[in-house]
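Taken together, the values in this text are just the output of simple stated rules run on the coordinates, not laboratory data. Keep in mind that this is a model prediction, so the values were computed, not measured. Methodologically, a virtual Cβ is constructed for each residue, glycine included, from the backbone with ideal geometry; neighbour enumeration extends over all protein chains shown.
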Amino acid sequence: MPQEATRPLLTEDDLRHITRWAALSAGRALPVFEAVAADPRPRQAIAAARAFAEGAPRSTALRKVGWGAQAAAREIGDPAARAAARAASAAAGAAYTHPIETPHQINHVLAPAAYAIQALASGADDEAAVMEKEVSLAIAAASPELRQIVRTMPGRKPSKGDFHALLYRLDVALRR
């Protein structure tokens, strides 16, 4: 008996919605990185992610600037700036979220916002208050299309560590 063809979990349009939110999130944290480094790689990664979100093709250049932002994260000593550069790298990488149904893929959707939230809260006078504010802003910035995409993907399970708790919190909130 022939097997019925199924729609891929993520379409290119879905990837554009994911990447738009990722670039918006990472862009909020970019000033944290740029306050301590003159390195252009995170800004380039966010710009390339925005371009993809607005219709540019996925390309080796997009992948390259994403890896460049990751290198910038490895090279910077400041934890908040490192998180901001990781947000930029993850924003560029969001365009490459795999259209397969595994729980790991939701991390690619959520990581840019989670890294950006970490960057913005790290070292703040009241980290908890900034974290709450930034989580609320990230969730509010999520489009209805992004929320629907998240609902179609396998959800995260609670796990240990602050970053994983933040990923879980974002996942749960976006599914509401």
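Where does the stretch 90-176 land on the Kirkwood hydrodynamic radius, alpha-carbon pairs, in angstrom? In the stretch 90-176 this quantity evaluates to 13.3 Å.
Considered as an equivalent ellipsoid built on the Cα gyration tensor, the stretch 1-141 has semi-axes of 28, 17, 12 Å, the largest given first.
Here r is the Cβ-Cβ distance between Arg176 and Lys64 and R0 is 45 Å; the resulting FRET efficiency, rounded to 0.05, is 0.80. Take every Cα pair under 8 Å whose residues are at least 6 apart in sequence, average their separation, divide by the length of the chain, and the relative contact order is 26 percent.
Projected over every direction and averaged, the convex hull enclosing the alpha-carbon atoms of the stretch 51-115 yields 4.7 nm².
For Ile76, the amide hydrogen comes within under 5 Å of no other amide hydrogen, counting only partners 5 or more places away or on other chains and with H modelled in the peptide plane. Please give the FRET efficiency for Thr102 paired with Ala141, using the beta carbon to beta carbon distance and R0 = 30 Å, rounded to the nearest 0.05. It comes to 0.70. Helical runs assigned H by DSSP (4 residues or longer) give the chain a calculated mean residue ellipticity at 222 nm of -23000 deg cm²/dmol, each run adding -39500 (n - 2.57) before division by the residue total. Our coupling estimate for the stretch 33-49, obtained by passing each phi through the Karplus curve with A = 6.51, B = -1.76, C = 1.60 and θ = phi - 60°, is 5, 5, 6, 10, 8, 9, 5, x, 4, x, 4, 4, 5, 5, 4, 5, 5 Hz, Gly and Pro reported as x.
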